[in-house]
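Below is one structure, written out as C-alpha cells; the observations come after it.
The values are calculated or read from the model by the stated rules, or taken from the named source; none is laboratory data. Note that the structure is predicted; figures quoted are calculated from it, not measured. Here the Cβ positions follow ideal geometry from the backbone for every residue, glycine too, while neighbour counts run over all protein chains shown.
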Amino acid sequence: MAMADLTKLEARLFKWLCLEENDFVENAWSTEKAAKAFEVDAEEMYDALAALTEKIPHNIYIHYKDGAVRIIASE
C-alpha cells in the first residue's frame, strides 16, 4: 500500500501527525481530542489511526509509554 491508498481522513490525520508542533512522543496522544479537532467521532479516529499502521507501516510507529499512547510519524 502507499499514500495514494489513504482515505481523505487518513491522509489528513497522517499529515497532522507529522507536524513538528504535534509532538505525540513528548505529549500523550488523545483520540478524543483528535476526533474533536477533525470533527469525527472517536471510533472513526481509532479506525483511521489503525488504518495508517496497516497501509503505511514504515511511516508510523505507535507505542505505549508512561501510561499513554505515543506516536511517531514521518513522510
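Annotations for the structure displayed:
- Of all residues in the range 3-23, those satisfying the criterion of being modelled with pLDDT of 90 or more and of a type in the set (A, V, I, L, M, F, W, C) are 6, 9, 11, 13, 14, 16, 17, 18, 19.
- For the range 41-75, a residue qualifies if it is touching an Asp or Glu at 6+ places or on another chain (Cβ under 6 Å) and over 14 Å from residue 14 (Cα atoms), and exactly one does: 42.
- Of the residues contained in the range 4-22, none is found to be small (Gly, Ala, Ser) and part of a loop (DSSP other than H, G, I, E, B).
- Within the range 46-63, tally of residues that are in a helix (DSSP H, G or I), surrounded by fewer than 17 Cβ atoms within 10 Å (Cβ to Cβ) and either in contact (Cβ under 8 Å) with a residue 12 or more places away in the chain or of a type in the set (Lys, Arg) (or both): 2
- Given (1) small (Gly, Ala, Ser); (2) on the phi < 0 side of the Ramachandran plot; (3) out of contact with any strand residue (DSSP E or B) (no Cβ under 7 Å at 6 or more places or on another chain), number of the condition residue 67 does not satisfy: (2)
- Scanning the range 1-25 for residues being farther than 14 Å from residue 73 by Cα and either free of Cβ contacts under 8 Å to residues at least 40 places away in the same chain or surrounded by 15 or more Cβ atoms within 10 Å (Cβ to Cβ) (or both) gives a total of 4.
- Just one of the listed residues (28, 35) is in a loop (DSSP other than H, G, I, E, B) and over 20 Å from residue 75 (Cβ atoms), and it is 28.
- Of all residues in the range 34-48, those being within 12 Å of the chain's Cα centre (by Cα) and either under 18 Å from residue 2 (Cβ atoms) or charged (D, E, K, R) (or both) number 3.
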